[in-house]
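Worksheet for the structure shown next.
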Amino acid sequence: MEKEQQNQKAGRLRRWLRLWQLRLEKLAAGRKGLGGIAVASFLETTIIPVPIEILIAPIMAASRRRGAIVATVTLAGSVAGSVFLYLIAYGLSEEFVRPLVELSGGQQEFQKVEQQFRDGGFWVVFAISITPVPMQLAATAAGATSYPFWLFLIAIGISRALRYYGLWLLVLGFGVGIAQIFAGKNRKR
């Protein structure tokens, strides 16, 4: 019975993530596609935990010449979202962030991240923002721990640039195949 409930919850989560992925794709494909990509990147960095690569890899593959532009716009949206979260957490740490962390039951994880920031924040931000770990965690923790903004900005900028321009280079090298991998459509031969 408990396993069945877990499967139902997992199914609902997958449907919710897929719904957001479809909404982001529609936003990016619209008349103002680059603006949609920037907004989608901002939302992915702040509130929607759907990796933006799922959205931008096929766009980069469809127009390889625009890949650098897509990577730049994605980077701009992501950095803007990260800065937004940092500033909110910095300004409202005691009133907003800590109660939210307590409400979600993530006190231990948050304390662990806070300690990591004290020990080597630049590399924590860099590592979190280059991997699939939700960026919200790094930006919120950096702001809440009053980590130096300029170091935060450099870490985010470099790591996210490596991530998005690296994806563009993969698309240039491997074409549609890499986009299909990110979209979860592995080709069978």
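Quickly work out the TRP16-to-ALA62 label distance, labels modelled 7 Å from Cα along the C-beta direction, and quote it in nm with one decimal.
Simple spin-label model gives 2.8 nm for this pair.
Report the label-to-label distance for GLN5 and LEU87 in nanometres (one decimal), using points 7 Å from each Cα along the Cα→Cβ vector.
Here the answer is 4.3 nm between the modelled labels.
Using only Cα atoms, locate the centre of the stretch 143-168 and the centre of the stretch 114-131, then give the distance between them in Å, rounded to an integer.
Answer, in whole Å: 10.
Classify the stretch 2-182: rounded, prolate or oblate, from the alpha-carbon gyration tensor (a ≥ b ≥ c, eigenvalue square roots; a/c under 1.5 rounded; otherwise prolate if a/b is larger than b/c)? Kindly include the intermediate steps, with their values, before the conclusion.
Numbers: a/c = 1.96, a/b = 1.32, b/c = 1.49.
Judged from the Cα gyration tensor, the stretch 2-182 comes out oblate (a/c at least 1.5, b/c at or above a/b).
We did not get these values from a lab; they are worked out from the coordinates using the rules stated. Since this is a predicted model, take the numbers as computed values, not measurements. Using ideal geometry, Cβ is built from the backbone for each residue, glycine included, and neighbour counts are taken over all protein chains shown.
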